[in-house]
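The values are calculated or read from the model by the stated rules, or taken from the named source; none is laboratory data. Here the structure is a predicted model, which means the values were calculated and not measured. Because the Cβ atoms are built from the backbone with ideal geometry, glycine has one as well, and the counts that use them run over all protein chains shown.
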Amino acid sequence: MTDQTMPASMAGLTDVDPYPFYESVRARGPLAWDDSMRGFLVTSYELCRDIEMHEELYRHPYADASPELIEIKSVKGGHRNITISQGEDHTKIHKWLLGLFVPRTVEQYREKHIRPIITRLIDRFVDKGRIELTSVYSDQIPPRVLMSLFAMPWDDDVLARKVLDLHETVMTWIGSQNRGSELTDKARAAGREINAILMPYMLERKKNPGDDLISRLWTDGPKILDNFTDEDALANAREMFLAGTDTTVHAMANALHILITQPEVMQAVHTDRKKALSNLVEEALRLYGSVQYRFRVANQDCEIGGQPVKKNQVLILINSAANRDPAKFACPAAVDLCRTMPKEHLAFNAGPRNCVGAALARTEMIDAVDMLLDRVKNLRLDPAAPPPAFRFHYTRSFRPLHVLFDAA
């Protein structure tokens, strides 16, 4: 992308390589006002991390959630989920959800919920030799894993596709700062449809609990929150479903894109399925993220990076730019499988709202690459097909990934 074609504001980055724009913002200073986003853009790793760490100074915008936002993001009356809740309620929910997704627990999920799904998906295409990898593979894994964890029929292709599409609609609305009547109407309809999909399973697990995550909500919820309600249960199920589906889909596609397009990375991962593969996942998260930016709001008049910020002004923390901050990372735009602190990126946020499902996402991404390389060889882009592009806006990934391969 040339300077002449670079969008004038962040709102114009849809389906456009955002990194030249991010670097132009970085060159303007620690903070840069963007009229289209109605807030200050922040690209510094140090500042993004510091703001995320201090919610007492910079609140999450859902602290001011409207009834409309609560309805779309969770369910009417369901203001006590992990993203909308504040203070002590948020701390309790966050701690509980972290316990569901610590690495040792995710290892138990691996054999029962992750690897069987990946095996089934690869079985479908391993003899074909040519596929579009995102639609038949990386898009399919995260929603089905959450469906399996919820004891839903993960092998239902129509339902899995619908779940992903509905969550993508909601995420697009979130990234637009909940603006635009058309996007709002679509997001509201999507939220209602997600509720309709989940509700039968919620009611069944309430009557007949099992060992799935919905059952854990009903069992543990009253111990976490006083006066635990049906709305609280559905709201937190909704958040697990959304957070564990859409974001990991994009992150997984980005890891596969790096693997397929950089021969030295492919060779390193073939040679070392432990450290090199793990570091590939971290570099994909650092370089391309999944969620490009996060919102915070100043709780008082303050100064950030020498820039005066007024109370209630919005800060747009561009974590994807912070993860390429040359003040933090050497050769920030390059894949480096030997970084000494590979997890020191902001793809999963920092502070009290760090992603509780990070271990699950990492495991899904590692297994998606590892198991694919076990089953196919000579994996490469199809030169006769449309090339991949870094698509979308708020959540992004390289697609389509038309590939050729041989069965191993």
T172 is checked against (1) closer than 18 Å to Y109 by Cβ; (2) modelled with pLDDT under 90 and fails just one. What number does that condition carry? (1)
Does any residue of the range 151-162 turn out to be closer than 21 Å to I214 by Cα, surrounded by 20 or more Cβ atoms within 10 Å (Cβ to Cβ), modelled with pLDDT under 95 and in contact with a His (Cβ under 9 Å, 6 or more places away or on another chain)? no
Residue hits (the range 192-231; closer than 12 Å to A151 by Cβ, polar (S, T, N, Q) and touching a residue at least 24 places away in the same chain (Cβ under 8 Å)) are S215
Any residue at all in the range 161-178 that's closer than 30 Å to L317 by Cα, more than 17 Å from the chain's Cα centre (by Cα) and not in a helix (DSSP H, G or I)? yes
On the given criteria, is I122 of a type in the set (A, V, I, L, M), surrounded by fewer than 20 Cβ atoms within 10 Å (Cβ to Cβ), over 19 Å from the mean Cα position of the chain (by Cα) and assigned to a helix (DSSP H, G or I)? yes
Among (1) in a helix (DSSP H, G or I); (2) more than 23 Å from the chain's Cα centre (by Cα); (3) surrounded by fewer than 18 Cβ atoms within 10 Å (Cβ to Cβ); (4) at pLDDT below 95 - the single one E193 does not satisfy: (2)
Is it true that C331 is within 19 Å of N279 (Cα to Cα) and modelled with pLDDT under 95? no
Only unsatisfied item for A151, checking (1) on the phi > 0 side of the Ramachandran plot; (2) assigned to a helix (DSSP H, G or I), is (2)
Of the listed residues (A63, A8), the one being more than 20 Å from D301 (Cβ to Cβ), of a type in the set (G, A, S) and either modelled with pLDDT under 95 or within 24 Å of the chain's Cα centre (by Cα) (or both) is A8
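Pick out the one residue from A253, A284, A298, A327 that is touching a Phe, Trp or Tyr at 6+ places or on another chain (Cβ under 9 Å), crowded, with 21+ Cβ neighbours inside 10 Å and touching a residue at least 24 places away in the same chain (Cβ under 8 Å).
Checking each option against the conditions leaves just A253.
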Scope the range 101-130; condition basic (K, R) and either touching a Pro at 6+ places or on another chain (Cβ under 8 Å) or farther than 30 Å from L381 by Cβ (or both); matching residues: R104, K112
What number goes with the only condition from (1) surrounded by fewer than 20 Cβ atoms within 10 Å (Cβ to Cβ); (2) modelled with pLDDT under 95; (3) part of a helix (DSSP H, G or I) that K76 does not pass? (3)
Of all the residues that make up the range 24-52, how many are crowded, with 16+ Cβ neighbours inside 10 Å, in contact (Cβ under 8 Å) with a residue 60 or more places away in the chain and assigned to a helix (DSSP H, G or I)? 8
(1) closer than 25 Å to R294 by Cβ; (2) assigned to a helix (DSSP H, G or I); (3) touching a residue at least 12 places away in the same chain (Cβ under 8 Å); (4) not hydroxyl-bearing (S, T, Y) all hold for H113 apart from (1)
If A251 satisfies all but one of (1) more than 23 Å from P142 (Cβ to Cβ); (2) in contact with a Ser or Thr (Cβ under 9 Å, 6 or more places away or on another chain); (3) small (G, A, S), what's the number of the condition it fails? (1)
Candidates L57, L133, L98, filtered to the one that is more than 30 Å from P383 (Cβ to Cβ) and at pLDDT 95 or above: L57
Which residue is farthest from E68 (Cα to Cα), if the candidates are limited to the range 196-215 and must be within 23 Å of the chain's Cα centre (by Cα) and surrounded by 19 or more Cβ atoms within 10 Å (Cβ to Cβ)? L213
So L146 passes all but one of these: (1) modelled with pLDDT of 95 or more; (2) on the phi > 0 side of the Ramachandran plot. Which condition number does it fail? (2)
Can you tell me which residue within the range 259-281, out of those that are under 21 Å from the mean Cα position of the chain (by Cα) and not hydroxyl-bearing (S, T, Y), is surrounded by the most Cβ atoms within 10 Å (Cβ to Cβ)? L280
Quick check on the range 111-119. Is at least one of its residues among the aliphatic types (A, V, I, L, M), in contact with a strand residue (DSSP E or B) (Cβ under 6 Å, 6 or more places away or on another chain) and at pLDDT 95 or above? no
Which listed residue, of E71, E88, E56, E111, is surrounded by 14 or more Cβ atoms within 10 Å (Cβ to Cβ) and charged (D, E, K, R): E71
Working carefully through the options T245, T219, find the one that is hydroxyl-bearing (S, T, Y) and either surrounded by fewer than 23 Cβ atoms within 10 Å (Cβ to Cβ) or more than 16 Å from the chain's Cα centre (by Cα) (or both). T219
